[in-house]
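Below: the structure, in C-alpha cells.
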There are 2 protein chains.
Amino acid sequence: MTIPSVDVLRGDIVESRHRVSAAVTNPDGALVARAGDPDLVTFWRSAAKFFQAVPLLTDGAAAEFAITDEELGLACASHNGEPRHVRIASGLLEKIGCGPGDLACGPHASLAERVAKEMAERGERPTRLHNNCSGKHAGMLAQARFRGWPTAGYQEAGHPVQVRCLEEVARWTGAPARSIGIGVDGCGVTCFALPLRAMALAYARLGARRLGGAGDEGRAAAAERLIRAVTADPFLIAGRSRLCSELLEAGGGRVVAKVGAEGVYCATLPEPGLGVALKVEDGDFRSSAPALLAVLDQLAPGVASVAEEWRRPAILNTRGSVVGRLEARVPLLRA
Amino acid sequence: MTIPSVDVLRGDIVESRHRVSAAVTNPDGALVARAGDPDLVTFWRSAAKFFQAVPLLTDGAAAEFAITDEELGLACASHNGEPRHVRIASGLLEKIGCGPGDLACGPHASLAERVAKEMAERGERPTRLHNNCSGKHAGMLAQARFRGWPTAGYQEAGHPVQVRCLEEVARWTGAPARSIGIGVDGCGVTCFALPLRAMALAYARLGARRLGGAGDEGRAAAAERLIRAVTADPFLIAGRSRLCSELLEAGGGRVVAKVGAEGVYCATLPEPGLGVALKVEDGDFRSSAPALLAVLDQLAPGVASVAEEWRRPAILNTRGSVVGRLEARVPLLRA
C-alpha cells in the first residue's frame with residue numbers, strides 16, 4: 001500500500017519522506033474520502049481563524065465598530081506582514097481604541113521567503129503588527145471591547161474571548177468543547193487540538209454556509225460574509241507568493257483554503273460541498289502545499305489552477321542549482 | 001509497538017511526529033541494534049566528511065602541503081562559519097595556491113541559530129568561506145592540486161576528486177561503488193545514498209581505526225589522525241552551540257559524532273566499538289540531535305554528558321514563551 005506522503009527527491013532518489021493524513025467530509029459530517037488516518041488529532045493552529053472570527057459577526061462587534069470586509073478578511077488571515085496588511089491591522093486597532101501595544105503576539109519574519117528577504121534587505125524589522133496573526137488578534141481585541149471584557153490577557157485560555165472561541169470551534173466542528181485539547185499557539189493565543197475529520201466538517205459547513213442547527217442562521221450569514229471578504233480580495237488572507245491567496249485568485253471562490261502552522265492545511269470546495277483537512281505528520285511547512293494540491297486535484301480537477309511550482313517545488317542548493325524536488329503522492333481512498 | 005520517533009509536544013499533546021530509523025553495527029559489520037528500518041537508504045550528506053577527508057592522508061596531499069591537524073579537522077567539519085573557521089579555511093586555500101573564488105560552495109547563514117543571529121546583527125554577510133563545508137571543499141582542492149587534476153569542476157560526479165571519494169566511501173561502508181546512489185549536495189559536491197547499516201559500519205571502523213583488509217594500514221592511520229584532530233580541538237568540527245562540538249568536549253573522544261543535513265546523524269563509540277547511523281525520516285534538522293542522544297544513552301550511558309536542553313529542546317513562540325518541547329522515544333531493539 002502506498003504511504004500517503006510528500007517525498008523529497010534529491011536527483012531521482014527519495015531522500016526524505018513527509019507522511020500525510022487527510023480527511024474529506026460533506027456538511028453532514030460523513031467522511032467522503034481519506035488518506036492515512038482521518039482521525040489523527042493535532043492542533044488546528046491558524047486554520048481555525050475563520051471560526052475564531054465568526055463571533056465578531058454573530059455577537060455584534062462588527063456592526064458596532066463598522067468593521068469592513070477588508071478588516072474581516074485580515075482577521076481570518078495568516079498574512080505576510082506586507083505594508084497593506086500592516087495598515088489594515090493598524091486601522092482596525094485604532095477604530096476600537098487600541099494600539100499595537102495591546103497585541104499579545106510577538107514579531108516574526110514574513111511567512112513568504114521572498115517578502116522576508118525583501119524586508120531584511122530594506123533593513124525593516126518586523127513588529128507585532130507584522131505578525132501573521134495580527135488581524136486575528138485585533139479582532140479578538142474588538143470582541144473584548146464590544147463585550148466590555150478586559151483587553152489585557154485576552155489571549156489566555158481562561159479569558160472570555162477564548163472561552164467564546166472554544167464554544168464557536170465546538171459548534172462548527174461538532175466536537176464537544178471538553179474533548180478539544182488546548183495549547184498555546186505561536187502567537188500566544190489559545191489553540192485547539194481536534195481530529196482532522198472534525199476540522200474537515202467545519203470547512204464543509206463553512207463552504208455550504210450552513211450548520212443545520214436551530215439558531216444557526218447568524219453563523220450561516222457570518223460564513224457567507226467571511227468567504228465573500230477573502231474571495232473578493234485574495235491578497236488579504238496571505239499575500240504575495242502564498243498559496244492561499246493564489247488559490248482564491250485562480251478559483252474565484254470555488255476553493256477557499258487556509259494554511260496552519262506545523263503542516264496543517266484546510267479547505268472548502270463549496271460546489272461539490274466538501275471540507276478538507278490535512279496534516280503533514282512531522283509538521284513540515286513547505287510540503288503541506290503540494291499535499292493540499294494533490295488532494296484538491298482529485299476532488300475537483302482544474303479548480304486549483306495555480307503554478308506547477310506549487311505542486312512540485314524545486315529544491316535549490318547554496319549555489320542556486322536545482323538539486324531535487326518535492327513530489328506529493330497522496331491518493332485518496334473513498335470512505 | 002512504539003514507533004521510534006521524536007515527538008513535538010505542544011503543552012502535553014503530541015502535535016507532530018518525526019519518525020526515526022537507526023542502525024548500530026560493530027566493526028565487522030554485524031548489526032548490533034536497530035530502530036525502525038536499519039536498511040533505509042538515504043543520502044549520507046555531511047556525515048560522509050571523515051571519509052571524504054581520508055584520501056588527503058592516504059594519497060599524500062597532507063604531507064606534501066604540510067596540512068595541519070587544525071586544517072584536517074576543518075575538512076571533516078560542518079562548521080558555523082565563525083571567524084576562526086573562516087581563517088583556517090582561508091589559510092588552507094592559500095597554502096595550496098587557491099583562493100575563495102575556487103570554492104564551488106555557495107554562501108549560507110550559520111547552522112547555529114545564535115551565531116547566525118549575531119552575524120546578521122553585525123551586518124555580516126556570509127561568503128563561500130562561511131559555508132559549513134568550506135573546509136571539505138578546500139581539502140578537495142588540495143587533493144586536486146596534489147594529484148595534478150584540474151581544480152575547476154572538482155565538485156562534479158565525473159571529476160577524479162569525486163571518483164576517488166566514491167571509492168573511499170565504498171571501502172569504508174562495504175557497499176559496492178555501483179550500488180551507491182549519487183546526488184548533488186547542498187554545497188554543490190557529489191553526495192552518496194546508502195543504507196543506514198552501511199554508514200554505521202563505516203563509523204564503527206573509523207572508531208576502531210581498522211578496516212581489516214590487506215593494504216588498509218594507511219586508512220587506519222588516517223582514521224587515527226582525523227579522530228585525534230577533531231577530538232583535540234572540538235570547536236573545529238562545528239563550533240559554538242553545536243552538539244557535535246559539545247559531545248567531543250564532554251566525551252574526550254569516547255564519542256565522535258557528525259551531523260548531516262536532512263536529519264542524518266552518525267557517531268562512533270570507539271570503546272564498545274560501535275558505529276551508529278540514524279535518519280529522521282522527514283529530514284528534520286532539529287530533532288536529529290535528541291534522536292542521537294536517545295540512541296547514545298542506551299548504548300553507552302553517561303558518555304554523552306551534554307546539557308539536558310539537547311535531549312528535550314524547548315519550543316518557543318513569537319512571545320518567547322515555552323509552549324512545548326521535543327521528546328525522543330527511540331528504543332533500540334537488539335538485533
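The values are calculated or read from the model by the stated rules, or taken from the named source; none is laboratory data. Since we're looking at a predicted model, the values are computed, not measured. Counting neighbours? That spans all protein chains shown, and the Cβs are built from the backbone with ideal geometry, glycine included. Remember, those area values only see protein heavy atoms, side chains included, never the ligands or the DNA or RNA. Shrake-Rupley method; radii C 1.70, N 1.55, O 1.52, S 1.80 Å.
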Partnerless cysteines (no other Cys beta carbon under 4.7 Å) identified across the protein assembly as shown are A:Cys76, A:Cys98, A:Cys165, A:Cys191, A:Cys244, A:Cys266, B:Cys76, B:Cys98, B:Cys165, B:Cys191, B:Cys244, B:Cys266
Nm distances between the label at A:Ser241 and the same-position labels in the remaining copies, 7 Å along Cα→Cβ, shortest first? 2.4
If the label point sits 7 Å along Cα→Cβ of B:Ala250, residues of the stretch B:298-321 with amide N under 14 Å come out as B:298-313
Of the candidates B:His130, B:Ala75, B:Leu92, the farthest towards the positive dipole end of the stretch B:1-141 (Lys/Arg Cβ +1, Asp/Glu Cβ -1, centred on the Cα centre) is B:His130
Using the basic label-point model (7 angstrom from Cα toward the beta carbon), what is the B:Ala307 to B:Asp12 distance in nanometres? 2.7
Any idea how far the Cα center of the stretch A:73-142 sits from the one of the stretch A:176-227, in Å? 23
Let me have the relative contact order for the stretch A:9-55, percent, based on Cα pairs under 8 Å that are six or more residues apart. 25
Tell me, what is a quarter of the convex hull surface for the C-alpha atoms of the stretch A:92-172, in nm² with one decimal? 6.4
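Roll a 1.4 Å probe over the protein chains and send me the accessible area per residue for the protein assembly as shown in Å².
Working: 23750 Å² over 670 residues.
Here the residues of the protein assembly as shown average 35 Å² of exposed surface.
Across peptide A:276-285, what mean number of C-beta atoms from other chains lies inside 10 Å of a residue's C-beta?
On the way: counts 0, 0, 0, 2, 2, 7, 14, 9, 5, 0.
That average works out to 4.
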Using a 1.4 angstrom probe on protein heavy atoms only, which residues from the stretch A:9-53 are buried by at least 40 Å² of accessible area when all chains are present rather than their own chain alone? A:Arg10, A:Ile13, A:Glu15, A:Ser16, A:Arg17, A:Arg19, A:Phe43
Go through the stretch A:134-146 residue by residue and turn each phi into a ³J(HN,Hα) via Karplus (6.51, -1.76, 1.60, θ = phi - 60°); whole Hz please, and just put x for glycine and proline. 4, x, 4, 5, 4, x, 5, 5, 4, 4, 4, 4, 5
Dimensions (Å) - the stretch B:159-283, Cα atoms, principal axes, largest first: 39, 38, 25
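Tell me whether the stretch B:158-200 comes out rounded, prolate or oblate; compute the Cα gyration tensor, take square roots of the eigenvalues as a ≥ b ≥ c, and use a/c under 1.5 as the rounded threshold.
Details: a/c = 2.10, a/b = 1.36, b/c = 1.54.
In terms of gyration-tensor shape, oblate.
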For the pair B:Arg114 and A:Arg84, the simple spin-label estimate (label points 7 Å beyond Cα toward Cβ) gives in nm 4.2
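How crowded by other chains is A:315-324, given as the mean number of beta carbons from other chains within 10 Å of each beta carbon?
On the way: counts 2, 2, 10, 14, 11, 2, 3, 1, 6, 3.
Shielding by partners across A:315-324 averages 5.
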List the residues of the stretch B:181-206 for which accessible area in the full set of protein chains is at least 30 Å² lower than for the chain on its own; 1.4 Å probe, protein heavy atoms only. B:Val184, B:Gly186
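Report the far tail of the P(r) of the stretch B:136-225, meaning the percent of Cα-Cα pairs longer than 24 Å.
Numbers: 956 of 4005 pairs.
Pairs farther apart than 24 Å: 24 percent.
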Percent RCO, i.e. relative contact order, over the stretch A:125-229, from Cα pairs under 8 Å lying at least 6 residues apart: 16
Where Rh denotes the Kirkwood radius from the mean inverse Cα pair distance, what is Rg over Rh for the stretch A:1-102? 1.15
What list of ³J(HN,Hα) values in whole Hz, one per residue of the stretch B:105-119 in order, does the Karplus curve 6.51 cos²θ - 1.76 cosθ + 1.60 (θ = phi - 60°) give from phi, with Gly and Pro shown as x? 7, x, x, 7, 5, 4, 5, 8, 3, 5, 5, 4, 5, 4, 5
Diffing the stretch B:167-183: the Karplus 3J(HN,Hα) column from phi (6.51, -1.76, 1.60, θ = phi - 60°), in whole Hz with x for Gly and Pro, holds 4, 5, 4, 4, 4, 6, 8, x, 8, x, 3, 5, 8, 8, x, 10, x
Where labels lie 7 Å past Cα in the beta-carbon direction, separation of B:Glu94 and A:Glu167 in nm: 7.2
Ordering of A:38-46, B:44-52 by packing [mean C-beta count within 10 Å, highest first]: B:44-52, A:38-46
Apportionment of accessible area to carbon and sulfur, the stretch B:211-335, percent (1.4 Å): 52
For B:Gly106, enumerate residues with amide H under 5 Å from its amide H, sequence gap 5+ or separate chain, H modeled in the peptide plane. A:Thr318, A:Arg319
Give the long-range amide H neighbours of A:Ala335: residues separated by 5 or more places, or on another chain, with amide H under 5 Å away, using H modelled in the peptide plane at 1.01 Å from N. A:Ala33, A:Arg34
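If you average 1/r over all unlike Cα pairs in chain B and invert the result, what Kirkwood radius do you get in angstrom? Provide the component values of the computation, followed by the final result.
Numbers: mean 1/r = 0.0504 Å⁻¹.
For chain B, inverting the mean 1/r across all distinct Cα pairs yields 19.8 Å.
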Note the direction-averaged projected area, equal to a quarter of the hull surface, for the Cα convex hull of the protein assembly as shown, in nm². 28.3
Inter-copy spacing of A:Ala177 label points, which lie 7 Å from Cα along Cα→Cβ, given in nm from shortest upward: 7.0
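Roughly how large is the B-A contact in terms of buried accessible area, totalled over both chains, probe 1.4 Å, nearest 100 Å²?
Approximately 2900 Å², summed over both chains.
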